[in-house]
Amino acid sequence: MFCRNCGKDVPENAEVCVNCGMKPLMEKKFCQNCGAETEENQEVCTKCGVKLKSSMGKGAKSKLVAGLLGIFLGYLGIHKFYLGYPVPAVIMLLLSIIGGFLTFGAVTGIIGLIGLIEGIVYLTKSDEDFDDIYVQNQKKWF
């Protein structure tokens, strides 16, 4: 793997590049696969064809926060609000409150179970998979 800031070779699981001190996938100057120079908005490396990755850039969401919100407050759809999915969040919130009132809590329990499952799914994904699936590609359910 190559550092996206300085283009130097770094170990695959490195938290910080020893050459420049940045997180290896933080910037967008070089390809993480071949080290070729890239443009700011480039999505695929023109040299090797690999999709360019970025980690913890602006607007990045934490899978830990999303997972814990899903587990503990999933019945209110708070994890959906956190991830920027307002429509599914409002659906979960209204179903939980109104449906729970009309069914003496049964619907709230089901919505809570959905939130619990989603929270666990978020936490079991790798950071890259979580970012690709739920942040970049905006997968709203499970």
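Bear in mind that the values in this text are calculations on the coordinates, not laboratory data. Note that the structure is predicted; figures quoted are calculated from it, not measured. All Cβ positions, glycine included, derive from the backbone under ideal geometry; neighbour counts span all protein chains shown.
Loop-only GluC sites (Glu not before Pro) in segment 33-142, please: DSSP not H, G, I, E or B, and at most 11 other Cβ atoms within 10 Å. Numbers along the way, then the final one.
On the way: sites: GLU37, GLU39, GLU40, GLU43, GLU118, GLU128; in loops: GLU39, GLU40, GLU43.
Answer by residue number: GLU39, GLU40, GLU43.
Please state the relative contact order of segment 65-142 as a whole percent: Cα pairs under 8 Å, 6+ residues apart?
On the way: 103 pairs, mean separation 28.0, N = 78.
In percent, rounded to a whole number, it is 36.
Using a 7 Å offset from the Cα along the Cα-to-Cβ direction at both ASN137 and LEU64, what is the distance between the two label points in nm, to one decimal?
Here the answer is 2.5 nm between the modelled labels.
Starting from 0 in steps of 10 Å, tell me what percent of the Cα-Cα pairs of segment 1-58 lands in each bin.
Histogramming segment 1-58 at 10 Å steps yields 30, 58, 12 percent.
Using the Kirkwood formula over every pair of different C-alpha atoms, what hydrodynamic radius in Å results for the chain? Can you show the working numbers first?
Working: mean 1/r = 0.0599 Å⁻¹.
So the Kirkwood estimate lands at 16.7 Å.
Could you name the lysines in cross-link range of LYS140, using Cα to Cα under 17 Å and dropping any fewer than eight places away on the same chain?
Within the straight-line cut-off, LYS140 pairs with LYS61, LYS63, LYS80, LYS125.
With charges only on Cβ, +1 for K and R and -1 for D and E, what is the dipole size of the chain about its Cα centre, in debye, rounded to 20?
Working: 15 positive and 14 negative charges, 48 e Å.
With only Lys, Arg, Asp and Glu charged at Cβ, the dipole is about 240 debye.
So which chymotrypsin sites (Phe, Trp or Tyr not before Pro) in segment 82-116 are both in a DSSP loop and have at most 14 other Cβ atoms within 10 Å of their Cβ? Please list the in-between numbers first.
Numbers: sites: TYR82, PHE101, PHE104; in loops: PHE104.
Hits after loop and neighbour filter: PHE104.
Can you find, among ILE111, SER96, PHE130, the residue sitting farthest towards the positive end of the charge dipole of the chain, where Lys and Arg contribute +1 and Asp and Glu -1 at Cβ?
Highest projection toward the positive end goes to SER96.
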